[in-house]
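Structure, as structure tokens:
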Amino acid sequence: MKVIVTGTVGLDKQPYLEEVRQRAYDDHRGLEIFHVGEMMYAEAPDVADGRILDVSLARLQSLRRSVFKDVLSQAEKSENIIINTHATFRWRHGLFPAFDFDLLAKLDADMYICLIDNVDTLHARLERDHQINHSLKDLLVWREEETLATELMMKGCSLKRSVKKKPARFFLQARGHKLSTSEMVYRMIFTPEVPKAYISFPMTHVADMPEILKEIDVFRHEIADHLVVFDPADLEEQQLYADALKASENGQRVMEIEVLNQILRFDIAELLSVGSDFHAQIYARDFMLIDQADMIISYIPQMPNGKPGLSSGVERELQHAHEGGKDVYIIWRPDTEPSPFVTETATKVVKSSQELIGYFEERGFINKQQGGKQASLF
């Protein structure tokens with residue numbers, strides 16, 4: 001399996017991908033990772049750490065092509081490889097590409113993964129590691145550009161792919177902080193037969209309900225133990241906007257938050273000005289995650305008043321998945337019966353995660369339990 005992993009500067013992809021390598025090592029699988037940025041610094045010892053993007057575009061392109069030719073040569077010796085690179089740069093030179101179609105086409109990768117992260121976390125890493133202070137708007141736009149460019153990279157480099165090979169795939173994956181998304185990347189590479197699920201659940205209107213949040217967290221981990229999971233909660237920028245809105249109502253002009261063990265100061269007006277961007281990206285991104293999954297699994301809790309916790313966002317996600325031909329599984333926790341608008345578009349409605357996992361075992365989607373302990377998927 002040949003995999004290209006992209007993502008903007010500030011994602012700190014190297015340690016993340018080393019987790020994937022360690023997971024492969026623990027499972028006695030070979031995996032070679034080429035960190036293009038690190039290799040470029042090795043080829044240009046006169047360039048100080050963190051300053052590679054400050055060199056001229058001509059030299060940057062020459063370094064990149066030289067390094068990638070080395071990658072192509074070495075990649076022939078390994079069965080499984082990950083190339084850690086970028087699709088775009090948004091730097092002092094403005095916006096410019098970070099790859100060459102002709103060289104990538106020779107690699108003929110099987111999978112392209114674009115990693116993304118919360119905008120405040122990106123801001124913190126860029127300020128800490130690169131002394132770059134992009135605006136939040138710049139970072140949001142750059143994230144969209146990187147995502148689109150990676151998808152176009154996949155399409156452009158796969159035009160002449162042999163019909164004997166499976167089509168190359170593009171995936172968007174949040175770096176994640178609550179679930180181990182590096183484990184998901186490992187599964188995508190080494191066990192592509194494991195089903196991929198978008199998990200859906202109410203978020204905003206249960207934010208102040210700790211018992212329901214605990215239920216949802218248990219659900220998220222139970223499903224992630226068995227499938228490749230795309231989890232919308234791996235990006236939590238809606239909360240950043242909500243906190244800014246509350247601070248504004250209290251008359252604050254500046255908001256301080258702790259990110260990666262450092263205190264960041266954000267101008268409230270700037271946070272509020274990108275609110276529509278947050279919302280638009282959440283809307284588009286969640287639909288993209290559904291489209292790249294095999295199924296949607298939605299958890300509907302029972303609210304304190306006894307009513308179903310079926311938010312408008314969850315309803316829209318279920319409808320989008322159904323119209324996209326995806327399997328739709330619903331874990332219905334309320335005592336009341338679900339409406340026909342739920343049951344008529346669902347592949348199956350169950351009462352618990354355990355019941356759904358049992359159903360998947362019966363259908364052969366995942367391995368059955370052995371000795372009371374979940375058998376390895378791998």
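Here are the numbers for this structure:
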{"item": "Residue among SER339, SER352, SER273 that alone is under 30 Å from LYS137 (Cβ atoms), hydroxyl-bearing (Ser, Thr, Tyr) and more than 23 Å from the chain's Cα centre (by Cα)", "result": "SER273"}
{"item": "Region 46-69 - residue that is of a type outside the set (Lys, Arg) and outside any helix (DSSP H, G or I) and, of those, modelled with the lowest pLDDT", "result": "GLY50"}
{"item": "Test set (1) under 30 Å from VAL274 (Cβ atoms); (2) in contact with a strand residue (DSSP E or B) (Cβ under 6 Å, 6 or more places away or on another chain); (3) at pLDDT below 95 - SER78 fails condition number", "result": "(1)"}
{"item": "Where a residue in region 223-252 is more than 16 Å from VAL274 (Cα to Cα) and surrounded by fewer than 16 Cβ atoms within 10 Å (Cβ to Cβ) and its partner, wherever it lies, is at pLDDT 95 or above and not small (Gly, Ala, Ser), with Cβ under 8 Å and at least six apart", "result": "GLN252/ILE268"}
{"item": "All positions within region 150-167 that are surrounded by fewer than 19 Cβ atoms within 10 Å (Cβ to Cβ) and either modelled with pLDDT of 95 or more or not in a loop (DSSP other than H, G, I, E, B) (or both)", "result": "GLU151, LEU152, LYS155, GLY156"}
{"item": "Selected residue (criterion: nearest to LYS137 (Cα to Cα)) from residues of region 231-260 that are small (Gly, Ala, Ser) and outside any loop (DSSP other than H, G, I, E, B)", "result": "ALA244"}
{"item": "Selection from region 193-210 of residues that are touching a Leu at 6+ places or on another chain (Cβ under 8 Å), more than 17 Å from ARG316 (Cβ to Cβ) and of a type outside the set (A, V, I, L, M, F, W, C)", "result": "PRO195, LYS196"}
{"item": "Positions within region 20-45 being within 18 Å of ILE81 (Cβ to Cβ), free of Cβ contacts under 8 Å to residues at least 12 places away in the same chain and in a loop (DSSP other than H, G, I, E, B), in sequence order", "result": "HIS28"}
{"item": "Members of region 79-98 found to be part of a loop (DSSP other than H, G, I, E, B) and surrounded by 14 or more Cβ atoms within 10 Å (Cβ to Cβ), listed by number", "result": "ASN80, THR85, HIS86, ALA87, ALA98"}
{"item": "Residues of region 122-142 satisfying the condition of being under 18 Å from HIS86 (Cα atoms) and out of contact with any Ser or Thr (no Cβ under 6 Å at 6 or more places or on another chain)", "result": "LEU122, HIS123, ARG125, LEU126, ASP129, HIS130, ILE132, HIS134, ASP138, LEU139, LEU140, VAL141"}
{"item": "Qualifying positions in region 120-139 - more than 15 Å from the chain's Cα centre (by Cα) and in a helix (DSSP H, G or I)", "result": "ASP120, HIS123, ALA124, ARG125, LEU126, GLU127, ARG128, ASP129, LEU136, LYS137, ASP138, LEU139"}
{"item": "Pair list, Cβ under 9 Å, 6 or more apart: region 351-365 residue at pLDDT 95 or above, other residue of a type in the set (S, T, N, Q) and surrounded by 13 or more Cβ atoms within 10 Å (Cβ to Cβ)", "result": "ILE357/GLN374"}
{"item": "Single match in ILE223, ILE199 (criterion: under 16 Å from TYR329 (Cα atoms) and either out of contact with any Phe, Trp or Tyr (no Cβ under 8 Å at 6 or more places or on another chain) or assigned to a loop (DSSP other than H, G, I, E, B) (or both))", "result": "ILE223"}
{"item": "Residue in region 137-147 that is in contact with an Asp or Glu (Cβ under 8 Å, 6 or more places away or on another chain) and of a type in the set (S, T, N, Q) present", "result": "no"}
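Yes/no per residue for (1) in contact (Cβ under 8 Å) with a residue 40 or more places away in the chain; (2) more than 16 Å from GLY7 (Cα to Cα); (3) in contact with a Leu (Cβ under 6 Å, 6 or more places away or on another chain); (4) not β-branched (Val, Ile, Thr):
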position	(1), (2), (3), (4)
GLN131	yes, yes, no, yes
SER135	yes, yes, no, yes
ASP138	yes, no, no, yes
TRP142	yes, no, no, yes
GLU151	no, no, no, yes
GLY156	yes, yes, no, yes
LYS160	yes, yes, no, yes
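The values are calculated or read from the model by the stated rules, or taken from the named source; none is laboratory data. In this text the structure is predicted, and so the values were computed from the model without any measurement. Positions of Cβ are backbone-derived with ideal geometry, glycine not excepted, and every protein chain shown enters the neighbour counts.
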